[in-house]
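Take a look at the structure below.
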Amino acid sequence: MNTLRAFPDSKSMDIDETIRQTVGDIIAARSGSFPQDLIIDRQRLGGGAEATEVALVTARYRTPRNRPTMLRVVVKQLDGRAAREALVYQRLVAAHAVQIAPELLAVESLGPDSALIFLEAIRRIRAWPWQDQAASADVMHRLGSFHAATRNAAQALPAWNYEAELADMAETTWTVLDQCRRDPEYAALGRHIRALERVILALPALRRQLLCEQPFGCRPIHGDVHPGNALLRQRNGGFQAILIDWGRARPGSPLEDVSSWLQSLCFWDAEAQRIHDRLFATYLSAFGMERSLTPDIRAAYWTAGASNALAGALLYHLSIVTDRQQGKAARARAFQAARNWMRIIRRAHDWSGIRQM
């Protein structure tokens with residue numbers, strides 16, 4: 001179901017009543033009648049960094065036969081630029097990603113830059129299942145199938161000048177890292193700063209090459225694949241990996257999603273490093289390719305990884321490292337993660353042959 005209702009005066013509309021009415025409509029579409037004695041409970045959730053609010057809504061009601069029933073949905077309030085996620089769900093996810101995303105139940109437009117989206121509530125099976133090799137491989141398999149199916153769907157995505165934002169973020173990252181290396185406590189982070197400089201200077205050319213790399217090319221990607229955005233849902237007697245938070249979906253290289261997933265796993269799980277190539281081969285097979293990691297694929301993969309690092313991943317960890325209010329353990333973990341991202345940038349530098357560009 002995907003209902004869309006526009007309100008002329010969004011500021012005066014009571015959000016609670018909007019949620020109540022929409023959830024009632026969702027139930028009515030499933031049962032054939034509006035629920036009786038409908039009671040709505042809203043519990044704020046964490047996550048959804050760009051959303052104004054993410055809430056778990058529990059609806060308790062009675063069926064026409066007076067049977068007590070319950071339905072849970074996740075409601076995201078999106079304002080400003082974040083409202084593009086509503087269009088992502090309507091245009092891309094509902095059409096091409098039903099096997100790797102929560103079901104879209106409804107969208108309520110509250111104005112030109114404000115919306116509510118109503119999504120299937122996923123019951124978390126395990127808090128951290130990604131040390132399970134089968135679960136990690138399922139993400140790779142579903143990503144490969146999703147990317148293979150969206151080759152000609154880039155026009156479905158709402159506009160976003162990602163390349164300009166990436167360039168700005170890369171410059172900011174260099175500035176912060178340059179400040180870090182001048183502090184003896186963080187000097188080790190500056191070991192590959194010359195490689196970082198060369199990658200940033202060559203970034204426009206590297207990006208053009210990456211987005212033309214065949215057979216991957218440029219097509220819709222999730223844009224923020226990591227264990228925090230991956231859940232397991234129970235489906236057809238088994239477990240199925242899905243991705244949430246599609247707000248950063250955009251046209252890009254599928255290898256940006258692949259690198260984001262594999263590198264985030266490797267940061268937190270040493271076993272993932274050992275099976276890295278096996279997981280990558282699972283993706284290639286689902287995408288419709290031979291399972292062989294050729295030198296060209298590896299070069300493009302490391303370029304995609306460097307793009308992810310410069311898009312905010314490295315800067316995020318540097319901000320924790322330099323924040324004296326953070327605990328010692330958190331800063332130590334961020335320091336190691338920042339070093340890992342710098343190694344990826346170094347590999348992109350070496351594999352792409354920047355010196356010859």
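The values are calculated or read from the model by the stated rules, or taken from the named source; none is laboratory data. Values in this document were obtained by computation on a predicted structure and should not be read as measured data. Because the Cβ atoms are built from the backbone with ideal geometry, glycine has one as well, and the counts that use them run over all protein chains shown. Ligands, DNA and RNA are excluded from the accessible area calculation, which covers all protein heavy atoms including side chains. Shrake-Rupley method; radii C 1.70, N 1.55, O 1.52, S 1.80 Å.
Brief remarks follow.
- Test for Ala167: is it under 23 Å from Gly305 (Cβ atoms), open to solvent by 30 Å² or more (accessible area, probe 1.4 Å), among the aliphatic types (A, V, I, L, M) and touching a residue at least 12 places away in the same chain (Cβ under 8 Å): yes
- Taking the criterion of being open to solvent by 60 Å² or more (accessible area, probe 1.4 Å), assigned to a helix (DSSP H, G or I) and not small (Gly, Ala, Ser), the residues of segment 124-149 that qualify are Gln131, Gln133, His141.
- Residue tally, condition touching a residue at least 24 places away in the same chain (Cβ under 8 Å) and either among the charged types (D, E, K, R) or in a helix (DSSP H, G or I) (or both), over segment 203-216: 9
- A single member of Arg235, Arg194 is under 30 Å from Arg123 (Cβ atoms), free of Cβ contacts under 8 Å to residues at least 60 places away in the same chain and of a type outside the set (S, T, N, Q), and it is Arg235.
- Verdict on Ala330 being surrounded by fewer than 24 Cβ atoms within 10 Å (Cβ to Cβ), in contact with a Leu (Cβ under 6 Å, 6 or more places away or on another chain) and either among the polar types (S, T, N, Q) or assigned to a helix (DSSP H, G or I) (or both): no
- Qualifying positions in segment 150-159 - hydrophobic (A, V, I, L, M, F, W, C) and either more than 24 Å from the chain's Cα centre (by Cα) or surrounded by fewer than 17 Cβ atoms within 10 Å (Cβ to Cβ) (or both): Ala153, Ala154, Ala159
- Criterion violated by Arg72 - all others in (1) open to solvent by 40 Å² or more (accessible area, probe 1.4 Å); (2) touching a Gly at 6+ places or on another chain (Cβ under 9 Å); (3) at pLDDT 95 or above satisfied: (2)
- Counting only strands (runs of 3 or more DSSP E) that fall entirely inside segment 217-308 and contain at least 3 residues that are over 21 Å from Arg207 (Cβ atoms) and open to solvent by 10 Å² or more (accessible area, probe 1.4 Å), the qualifying elements are 230-235, 238-243.
- Long-range neighbours under 6 Å by Cβ, at least six apart or interchain, first residue within 24 Å of Arg278 (Cα to Cα) within segment 134-160, second of a type in the set (D, E, K, R) and assigned to a helix (DSSP H, G or I): Leu143/Asp257
- Filtered by the rule that a residue be in contact with a helix residue (DSSP H, G or I) (Cβ under 8 Å, 6 or more places away or on another chain) and open to solvent by less than 60 Å² (accessible area, probe 1.4 Å), segment 199-214 gives Val199, Ile200, Ala202, Leu203, Leu206, Arg207, Leu210, Glu213.
- Per-region count, segment 309-327, residues of a type in the set (Gly, Ala, Ser) and surrounded by fewer than 24 Cβ atoms within 10 Å (Cβ to Cβ): 4
- Checking each residue in segment 37-66 for being among the hydrophobic types (A, V, I, L, M, F, W, C), open to solvent by 90 Å² or more (accessible area, probe 1.4 Å) and over 17 Å from the mean Cα position of the chain (by Cα) picks out only Ile39.
- So Leu196, is it in a helix (DSSP H, G or I) and closer than 17 Å to Tyr283 by Cα: no
- Residues in segment 333-352 that are open to solvent by less than 60 Å² (accessible area, probe 1.4 Å) and without any contact (Cβ under 8 Å) to a residue 24 or more places away in the chain: Ala334 only.
- When the criteria are applied in full, Gln90 fails the requirement of being open to solvent by 50 Å² or more (accessible area, probe 1.4 Å), closer than 17 Å to Val225 by Cα and in contact (Cβ under 8 Å) with a residue 40 or more places away in the chain.
- Test: residue in segment 181-190 that is touching a residue at least 24 places away in the same chain (Cβ under 8 Å), out of contact with any Ser or Thr (no Cβ under 8 Å at 6 or more places or on another chain) and either crowded, with 18+ Cβ neighbours inside 10 Å or small (Gly, Ala, Ser) (or both): yes
- Considering segment 70-123, and only residues there that are in a strand (DSSP E or B) and touching a Lys or Arg at 6+ places or on another chain (Cβ under 6 Å), the residue that is farthest from Gln21 (Cα to Cα) turns out to be Met70.
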